[in-house]
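A quick write-up on the structure given underneath.
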Amino acid sequence: MTNILLVFTGGTIGSSANEGTINTSDTAPFKLIQQFQRYYSQYQDVNFKTLQPIQLLSENLAPAAWKIIFAAIETEHPAQYDGIIITHGTDTLAYTAAALSFYFHTVNAPILLVSSDYPLDDVRANGLDNFICAVEFIRQKIATGVFVPYRNQGQIMQLHRGTHLACSLQLSGDFFSVQNKSFMQFENQKFSQPYLANTETGLLPERMDKPRLKAEFSEQVLMIKPYPGLDYSCFNLKNIRAVIHDLYHSGTACASSQWGENHSLLAFVKTCTQQGIKVYLAPAVKSDSAYQSTRALIDQGAEMIWNISIEAAYIKLLLAYGNFSDERQITDFINRNIAGEHV
């Protein structure tokens, strides 16, 4: 018998459409189990223990919700299960996947996040397929860690590492891993193309020699997205300890004062440094060459978090500043490969 802890949290997979509005429903989560049992009766050896610690659309999620989910899972003693499946909405899926990956990095069981692009009653929905992949991943004992099975419309099911999943493409429900390198594919009940970790480039998680993390997410980390004309004078830095600044695809952001100091990240980094605020940059692939603007930002005091997605970098900083007060501990945590987040 395969014992699975099934945690419902809402999202589209736990919603119904009524008169043109999609919202969470008390009955929708259990439709997933009903559909699973109806269409896949061969899975009689699977036993689900269900719980629903929260019920919300994932766009309404805040870090406080993660603490509720984590506590509910820990109350159930994860070690007694063969695996854990968490249903979740798609809007903040990548962030929750990263949060679970870092927090549960020592748990010796697979944890899978399952979402749906449409409510389960919609024939276009991929929620049941994603759920079956998660169940099969646990039954076949493929790996431990946090993963996200997701089938884009018209494509083969992909299995993404939790710390590598990027947010959905704009105007689309499609999901991809960073650098378009998924952990595995799933087709005809079989997993293929296993992820080959290269220890020389640090892709394997490092052994942790510090206590397990507390579910404390700092409220003093500000995330900024770049765009032409971004005015840094609009940001209130009161009570901020760290800034994580997203970058354009080439690992760059505006370092020029040609259009005014208030539009220059270089000037903003200087201002933050003067106020004792650390500025971190991501994502960027570390290489021998970098754009002049990137070099200038680093020389000014910004710290690059290399080879990691922006979603994973943001979550890592929330946990770093929520768990540690010593700068050396924060730096060590940020630089170490905790949950296979480095690409």
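General observations
- Test result for residue 263, over 28 Å from the mean Cα position of the chain (by Cα) and either within 24 Å of residue 177 (Cβ to Cβ) or of a type outside the set (Lys, Arg) (or both): yes
- Scanning region 138-150 for residues that are surrounded by fewer than 24 Cβ atoms within 10 Å (Cβ to Cβ) and either within 19 Å of the chain's Cα centre (by Cα) or over 19 Å from residue 41 (Cα atoms) (or both) gives 141, 142, 143, 144, 145.
- Filter result for the condition that a residue is at pLDDT below 95 and either outside the structural domain of residue 49 (by TED's automatic domain parsing) or under 18 Å from residue 30 (Cα atoms) (or both), over 117, 129, 121: 121
- Test: residue in region 313-325 that is at pLDDT below 95 and either among the polar types (S, T, N, Q) or farther than 12 Å from residue 245 by Cβ (or both): yes
- Each residue in region 102-116 was checked for being closer than 16 Å to residue 12 by Cα and not small (Gly, Ala, Ser), and 2 of them qualify.
- Selected residue [within 25 Å of residue 183 (Cα to Cα), among the aliphatic types (A, V, I, L, M) and without any contact (Cβ under 8 Å) to a residue 40 or more places away in the chain] from 312, 284: 284
- Between 33, 22, the distinction of being at pLDDT below 90 and not small (Gly, Ala, Ser) belongs to 22 only.
- Selection within region 7-65 - of a type in the set (Phe, Trp, Tyr) and within 18 Å of the chain's Cα centre (by Cα): 8
- Annotation note: Cβ proximity below 6 Å between a residue of region 98-117 that is more than 21 Å from residue 309 (Cβ to Cβ) and a residue that is assigned to a loop (DSSP other than H, G, I, E, B) and basic (Lys, Arg) (sequence gap 6+ or interchain) occurs for 106/212.
Conditions (1) assigned by TED's automatic domain parsing to the domain that holds residue 143; (2) of a type in the set (A, V, I, L, M, F, W, C); (3) within 25 Å of the chain's Cα centre (by Cα), marked per residue:
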{"residue": "259", "(1), (2), (3)": "no, yes, no"}
{"residue": "267", "(1), (2), (3)": "no, yes, no"}
{"residue": "301", "(1), (2), (3)": "no, no, no"}
{"residue": "321", "(1), (2), (3)": "no, no, yes"}
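- Filter pass, residue 330 being under 27 Å from residue 266 (Cβ atoms), in contact with a strand residue (DSSP E or B) (Cβ under 8 Å, 6 or more places away or on another chain) and at pLDDT 95 or above: no
- Any pair with Cβ under 7 angstrom, 6 or more apart, that starts in region 243-270 at a residue that is basic (Lys, Arg) and ends at one that is at pLDDT below 95 and in a loop (DSSP other than H, G, I, E, B): none
The values are calculated or read from the model by the stated rules, or taken from the named source; none is laboratory data. Just so it is clear, the structure is predicted and the values come from calculations on it, not from any experiment. All Cβ positions, even for glycine, are placed from backbone atoms using ideal geometry, and neighbour counts span all protein chains on display.
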